[in-house]
1. Counting only Cα, what are the radius of gyration and maximum Cα-Cα distance Dmax of the range 342-405, in Å?
2. Return the percentage of antiparallel bridges among DSSP beta bridges fully within the chain, rounded to the nearest 5 %.
3. If Rh is defined by the Kirkwood formula over all Cα pairs and Rg also comes from Cα, what ratio Rg/Rh do you get for the range 235-332?
4. P(r) for the range 257-390, please, calculated from all Cα pair distances in 5 Å bins and given in %.
5. With unit charges on the beta carbons (Lys and Arg positive, Asp and Glu negative) and the dipole taken about the Cα centre of the range 44-198, which residue among Ser82, Ser116, Gly48 sits farthest to the positive side?
6. Under the rule a/c < 1.5 gives rounded, and otherwise a/b versus b/c splits prolate from oblate, where does the range 375-529 land using the Cα gyration tensor?
7. Filter the GluC sites (Glu not before Pro) in the range 44-133 down to the DSSP loop ones having no more than 13 other Cβ atoms within 10 Å, then list what survives.
8. Where does the range 479-545 land on Rg(C-alpha)/(2.2 N^0.38 Å)?
Amino acid sequence: MSTRSPRAAQATTAAVNEPAAANFLRAIVEDDLRNGRTAGRKWSGRPGPAAAQADAPADPWPLRTRFPPEPNGYLHLGHSKSICLNFGLARDYGGACHLRFDDTNPTKEEQAYVDSIIDAVHWLGFEWGEHLYFASDYFQTLYDFAEAFITHGLAYVDSQSAEQMRANRGTLTEPGRASPYRDRTADENLALFRRMAAGEYPDGAHVLRLKIDMAAANIVLRDPAIYRIRHAQHHRTGSRWCIYPLYDYAHCVSDALENITHSICTLEFENNRALYDWIVQKLARLNLLVRPLPHQYEFARLNLTYVVLSKRRLIQLVDEGHVDGWDDPRMPTLAGARRRGYTPEGFRLFAERIGVSKADSWIDYAVLEECMRGHMNETAPRRIAVLDPVKLVIDNYPEGAEEACEAPNHPQRPEWGKRALPFSRELWIEREDFAESPPKGYFRLYPGNRVRLRYGFVVECTGCDKDAAGAVLAVHCKYFSDSKSGTPGADAYKVKGNIHWIGARHAYQAPVRLYDRLFKVPHPGSERDFIADLNPGAKRVVIAQLEPALRAAEPEARFQFERHGYFVADRIDSRPGAPVFNRAVSLRDSWNR
């Protein structure tokens, strides 16, 4: 994540109901395709240097994009924008999008992260077919290209310490100073580089740097390092290598080897574009890469309120136990969002709504919640759950009697049919639906008041039972047998209140997790340590009474619990006949009210 203060970005919030926002990259792609700028490329069926593509047929794809995560953590919410952008452009313009892991740092990368990233991109609804690649696939090619740079006087081995290199780099107003090793001969550099690769030196003893310009106005071009010594096991190549390419070098070369036409990245890499172009253009002049070369385009990353997206901070949340792992439903990771109950369709709608621009802005978390709410409103069946139950006893209903009330599975989808709600003498209702001394404007149960039991009868409250401490144990009422909803005579009872209920005989008791935003302020850490901004109410577990139909819920089945919001059966903790429900999002935005 960028180290810029939240106030450095223009504080704007996307309107919840606005249509899909502008995407300047679509205009670029359309213009490039119309003018044939991506034509003339060759493709042998696999990535490779110029020699491998020399006699290959034309590339079958008019454009190629890529999503290139580093496998050193779980994908977070900000990645959803890049995923939808890169895969969406390829989908909409008949191209291919590659999934490539930039796995050049073996000390921080794990196969578990690779697996989680593959799972997350699949879950969002995108496919890459045969185009799954790793930067480590190209380690030998990257090494060969580095030797070519050395041979042609474009790179040298530097033996300064990291501190010395940093001190000699210069500032924005002062040029850098040349390394005392900058003028080593090509033969000396090649011999040293090969000894580095052979494992003869410890970590940090040498680096390989490009020889560009230590006085360049763009500091990125001041002889950047492209290889460092690192004696570490790689999750794919094992101990084959003890020198590894740095990201800026491996990234652009990998793009070129894969015939990427539009290399799309976030704005913090804008200054790196000059280095990107320098590397691929030099390699093309050495006949090691095939033209046309990829071009880098930058867009504004997702800045979302009420979350942190810094990988360092996410790791801290996990390592210090503030959350229950990377897939904790409170975590702003895609794995966490999936367990929370968020939907792929909601993320894709969110990406369309916020658009793509070159200007930094803040998107209110409520926009993401509204996208999820909008999708689940259309697709989630309705069910009843009483989260804070108290018994309602209908004194004039026959003891042992039972009848069925009918409730629609979705009020806007009659084709989904109805379900039976067993009605009997004792019901569960929400504790907040009864008050002995009601405030003004309270239309629910209190002594002498009438309400309709949703999908059922009208009842009139007659009193309550309390314990010695004054806590309500049960509410009593009488019902009107001719007031069942939808039956003749129902309109004779005019009531303002309508409450939900579950028959006590058939309901089942289960814990329900009520999740909320992980942080209590829009910009965590902007004024103090971000840990101090954690929301202590971000997770609450209640013992609820649930509608019997919910027992059969499969993992990841989503429902609207009437009055309470949208819930999902947890994909990890649910068991057959005993689903565990997480609240994904409430029915309305309570934070901005």
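No value in this document is a laboratory result; all are computed from the given coordinates. None of the values given here were measured: they were computed from a predicted structure. Backbone-built Cβ (ideal geometry, glycine too); neighbour counts: all protein chains shown.
1. My reading of the Cα-based Rg and Dmax gives 21.5, 69 Å.
2. Close to 65 percent.
3. Values: Rg = 18.2 Å, Rh = 16.5 Å.
Looking at the range 235-332, the ratio lands at 1.10.
4. Taking every Cα pair in the range 257-390, the percentages come to 2, 8, 12, 14, 14, 14, 12, 9, 7, 4, 2, 1, 1, 1, 0, 0.
5. Ser82
6. Details: a/c = 1.94, a/b = 1.34, b/c = 1.45.
Oblate shape, in that a/c is at least 1.5 and b/c is the bigger or equal ratio.
7. Listed in order of number, the matching sites are Glu127, Glu130.
8. 2.02
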